[in-house]
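Everything below concerns the one structure shown next.
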Amino acid sequence: MLTFANGVKAQTYYVEVVGAEGDADADYSLGVATEVDDYGSTSKTEGNFETDNPYPGEIQWANDQDWIKLSADPLALYRIRITDSNTNSTSDTSIELVDSKGNEITEYVRIRTNGDTSTMAFFNDSSRTSTVYLSISGSDEDATDIGYEVFAEVYLEDDYVISGDIDNALDSLSDADFWA
């Protein structure tokens, strides 16, 4: 199987089929299939999600990576959950938060996985709206056909107030409701 990733230039490609030595009359078949990626893996992604709405997607082939854009409110704590659904693979999804250039954002981010659900805590420490991307991929390079659903919400409950040291506040999130 020959796979071209997003961003490959439209042009003519040639495939040479060669049989085993001395096997000049070997039968073969050649097929071409086009599969469109649901979400791109750059900041030009069509994926743009809002809080409080479930957002479905699929890791369609090996090394597929879906980026979903989030405009994060200033000084807000987010809870982002991704749940694997209809998994036809032994692999699960993995998530990370990245900037527009694909650099992982680790400051004020915590991720916990429980079964087929991963939960991310993310605090936007900026005093203005920040654009970030949730990068979703298979947890190994052979992961294919993994359906998932993402749900993001601003999580500011009366019993939880961030003050002072944000890292310690995130590390102390032991609320069973938050990580469930």
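Output the residue which, of all residues in region 132-154 that are among the charged types (D, E, K, R) and part of a strand (DSSP E or B), is farthest from Gly47 (Cα to Cα). Spell out the reasoning first.
Step one: list which residues in region 132-154 are among the charged types (D, E, K, R), which gives 140-142, 145, 149, 153.
Imposing the further condition that a residue be part of a strand (DSSP E or B) reduces the set to 149, 153.
On the way: Glu149: 13, Glu153: 17 Å.
It comes out as Glu153.
Only residues that are surrounded by fewer than 17 Cβ atoms within 10 Å (Cβ to Cβ) and of a type outside the set (Asp, Glu): list them for region 94-114, please.
Ser100, Lys101, Gly102, Asn103, Ile105, Thr106, Arg110, Ile111, Arg112, Thr113, Asn114 - these are the residues of region 94-114 that are surrounded by fewer than 17 Cβ atoms within 10 Å (Cβ to Cβ) and of a type outside the set (Asp, Glu).
Please identify the pairs in which a residue from region 115-130 that is buried (at least 17 other Cβ atoms within 10 Å of the Cβ) has its Cβ atom under 7 Å from the Cβ atom of a residue that is in a loop (DSSP other than H, G, I, E, B), counting only partners at least 6 apart or on another chain.
Ala121/Leu173; Phe122/Tyr108; Phe123/Tyr108; Phe123/Ile162; Asn124/Asp73; Asn124/Pro74; Asn124/Leu75
What number of residues in region 131-172 are surrounded by 13 or more Cβ atoms within 10 Å (Cβ to Cβ), touching a helix residue (DSSP H, G or I) at 6+ places or on another chain (Cβ under 9 Å) and at pLDDT below 65?
Residues that pass the stated criteria total 2.
The values are calculated or read from the model by the stated rules, or taken from the named source; none is laboratory data. The shown structure was predicted, so the numbers you read here are calculated from the model rather than taken from an experiment. Cβ atoms come from the backbone with ideal geometry, glycine included; neighbour counts cover every protein chain shown.
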